[in-house]
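Visitor: Here it is, the structure in full.
We did not get these values from a lab; they are worked out from the coordinates using the rules stated. Because the structure is a prediction, the values reported are computed rather than measured. Neighbour counts are summed over all protein chains in view; Cβ atoms, including those assigned to glycine, are modelled from backbone coordinates with ideal geometry.
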Amino acid sequence: MRAVGSPTVVNPFDRFGDHLRVALRAPASYQLMTWLESGPGAELPARSHPPREGRWVVCGYGRLGRELIEDLSVEGLDVIVVDPVADPTGDASRIIRGDAFEPAVLQQAGVADAVGFVAGTDNDTSNLSLIAAARRVNAGLFVAARQNRPSSAPLFAAMDVDSLLVPTEVVAHEVFAQLSTPLLWRFLQEVPARGDRWAARLVDCITQRCGRRLGALWKVRLNQVEAPATIGWLTSGEARLGDLLRDPDDRDVQLPAVVLMVMRDGECVLTPDDNLVLAPGDELLLCGRPAARRALDTTMVVDAAREYVVSGRHVPASWIWRRMAGES
């Protein structure tokens, strides 16, 4: 996929391997990333825990199989490949040439005492059959699979796969993250380095304030165009994030929204606290309920609303009422 602007190529097999590596090291980070990439309306996915030690058996030595073999090996896992046409020359200890439907091949691959199993061929019928065959031998396997056709979705759902690759969805999610809100893409790039405890706390914060279904994801820039009512306040050096997030109808209530990141002069602050002092030109990436977005827009463009959330003072909103109140 080549997006408008800088050329971008999305390789869903490479992305799936990268995500699996994140899930191995940091399950909460993976949960957070996949949730935000899925876009508004997405339910919070379950937090998976791929096994970090033991043997993984990968069926299919195509594009997905090659990516996963490399990624799993980098994580220090023992990987065995099963493919009916793969050439084991040069790596005979890791590649078994055969059909994984056959009990003898499953035994040779060590599925009975493996911890992970990947059905990664380009045929959905084969992948579903491979999952069934592997689980008959080892019901406790962590199973990852590739779904090639949308029509196969109900069948894969019935198999209760632990990690599912749907290439078109991977591409769509990344395109959404990069094009809908570029700040979201920057945020997602920063997540793995922040640690799993940080990600778990953020997931808890979002669900407590906004629910388990992802609402709006949006960006605001604190400038004269998008937030004219805040400019004087921002230049005072006393504009705190927590005040901006007060409800313009009741300032004692916090809006059901979470600021994921603040960007200033190319530098980003992830999950800033309420005491962060804002400045003109700051860009904010938020997630929350649609009502919170509407309320925040009111605060940013209506002087009376901004004054109320900051000081608690009710001031006349219109020129006529200001004149009657004796204000200039």
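Visitor: Sorted by mean Cβ packing within 10 Å, highest first, what order do the peptides 130-140, 30-40, 114-124 take?
Guide: 114-124, 30-40, 130-140
Visitor: Quote the FRET efficiency, to the nearest 0.05, computed for D252 versus H314 with a Förster distance R0 of 22 Å and r equal to the Cβ-Cβ distance.
Guide: 0.95
Visitor: For the stretch 44-147, take the alpha-carbon Rg, divide it by the Kirkwood Rh, and send me Rg/Rh.
Guide: Result for the stretch 44-147 is an Rg/Rh of 0.94.
Visitor: Treat every Asp and Glu Cβ in the stretch 170-301 as -1 and every Lys and Arg Cβ as +1, leave all other atoms uncharged, and give the resulting dipole magnitude about the Cα centre to the nearest 20 debye.
Guide: Once rounded to the nearest 20, the dipole reads 420 debye.
Visitor: What does the extension gain come out to for A42 and A132, with contour length at 0.36 nm per residue minus their alpha carbon separation?
Guide: 29.5 nm
Visitor: Modelled label-to-label distance, A279 and A153, 7 Å Cα→beta-carbon offset: nm?
Guide: Result: 4.6 nm between the two label points.
Visitor: With n ≥ 4 as the cut-off for DSSP H runs, can you work out [θ] at 222 nm for the chain, using -39500 (n - 2.57) per run divided by the number of residues, rounded to the nearest 500?
Guide: On the way: 14 runs with 143 residues, N = 328.
Dividing the helical sum by the residues of the chain leaves -13000 deg cm²/dmol.
Visitor: I've got another one for you. Report, in whole Å, the centroid distance computed from the Cα atoms of the stretch 204-225 and the stretch 38-68.
Guide: A separation of 28 Å, based on Cα centres.
Visitor: So if each residue of separation counts as 0.36 nm, and I subtract the Cα-Cα distance between D297 and R240, what length gain in nm does that give?
Guide: 18.9 nm
Visitor: Now, a different point. Can you pull the semi-axes for the chain, root of five times each eigenvalue of the Cα gyration tensor, sorted largest first, whole Å?
Guide: 51, 17, 16
Visitor: Would you work out which of V203, L106, L128 lies farthest towards the positive end of the dipole of the stretch 66-203, given +1 charges on the beta-carbon of Lys and Arg and -1 on that of Asp and Glu, about the Cα centre?
Guide: Result: V203.
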